[in-house]
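The values are calculated or read from the model by the stated rules, or taken from the named source; none is laboratory data. Predicted model, so just to flag it, every value in this text is computed and none were measured. Note: ideal-geometry Cβ built from the backbone for every residue, glycine included; neighbour counts use all protein chains shown.
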Amino acid sequence: MFEGKVLGYSYGEVVMHRLAKKTLEDFDWSENRILALVVSKMVAMDIWSKGLGLVGWTGVGKTHVLISLYKERMWRAIYKNGQIPAWFSFQDLCSLYYKDRDGFRDVLLGGIIFVDDLFCKDQSEEEMRVVKELVYYIYDLGKVLCFTSNVLMDMLDIDERVKSRLSELVEVVEVFGEDRRKLL
């Protein structure tokens with residue numbers, strides 16, 4: 001059902017490879033001043049107590065920024081003994097959740113959990129169950145969550161307890177711009 005492989009690679013690995021050369025420096029910040037302030041503050045901090053939720057339409061650069069932050073955190077973890085980040089696509093987490101619940105929980109033990117496409121319009125009940133488990137587990141462990149979503153938070157049809165925990169876990173910032181994929 002959630003099995004997601006492209007030529008033997010998970011969706012998360014494919015996205016990471018496709019955007020591997022992206023950096024925070026080559027993102028167009030002109031329409032995203034608030035995001036620029038939030039990201040620069042996060043980059044300057046050794047330890048994050050709160051994560052980041054990037055929401056907005058497709059192609060505006062949410063994943064670009066998230067992968068760039070992930071790479072910065074990985075560098076910091078290696079060279080400065082910072083929080084260890086872990087990168088996932090939501091599809092990969094769903095697949096793992098339904099194959100191996102203990103494995104699902106084990107991968108969330110990293111210091112910062114980055115999830116691409118956590119929320120999408122018309123998510124199934126099964127997907128919302130994974131979201132709930134993910135948010136509760138990260139919240140209970142005191143970990144940090146960073147994610148992208150094509151759905152604005154006020155448009156989400158999720159449990160109030162999940163929304164409440166999310167508001168404590170992340171600072172949500174809307175990313176603006178044109179669909180850069182269409183501009184190519």
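Out of everything in region 114-158 that is among the hydroxyl-bearing types (Ser, Thr, Tyr) and crowded, with 19+ Cβ neighbours inside 10 Å, what residue ends up being farthest from residue 82 (Cα to Cα)?
Checked region 114-158; the qualifying residue farthest from residue 82 (Cα to Cα) is 149.
Looking at region 39-55, I want the residues that are closer than 9 Å to residue 146 by Cβ and have a partner that is not hydrophobic (A, V, I, L, M, F, W, C) with Cβ atoms under 6 Å, at least 6 apart or on another chain. Which pairs are those?
52/171; 54/62; 54/148
Looking at region 149-168, which of its residues are of a type in the set (Gly, Ala, Ser) and either at pLDDT below 90 or touching a strand residue (DSSP E or B) at 6+ places or on another chain (Cβ under 7 Å) (or both)?
Hit for region 149-168 is 149, nothing else.
Yes or no: residue 135 in contact (Cβ under 8 Å) with a residue 60 or more places away in the chain and not basic (Lys, Arg)?
no
All but one of (1) part of a helix (DSSP H, G or I); (2) without any contact (Cβ under 8 Å) to a residue 24 or more places away in the chain hold for residue 130; state the number of the condition that does not hold.
(2)
Criterion first (over 18 Å from the mean Cα position of the chain (by Cα), of a type in the set (Gly, Ala, Ser) and assigned to a helix (DSSP H, G or I)) does residue 177 satisfy it?
no
Scan region 15-41 residue by residue and report those that are at pLDDT below 70, over 15 Å from the mean Cα position of the chain (by Cα) and not basic (Lys, Arg).
17, the sole residue that qualifies.
Just one of (1) buried (at least 16 other Cβ atoms within 10 Å of the Cβ); (2) in contact with an Asp or Glu (Cβ under 9 Å, 6 or more places away or on another chain) trips up residue 105, so point out which.
The number of the failed condition is (1).
Regarding region 129-146, can at least one residue be identified that is modelled with pLDDT of 90 or more, basic (Lys, Arg) and more than 16 Å from the chain's Cα centre (by Cα)?
Checked against the condition, which is being modelled with pLDDT of 90 or more, basic (Lys, Arg) and more than 16 Å from the chain's Cα centre (by Cα), region 129-146 yields at least one hit.
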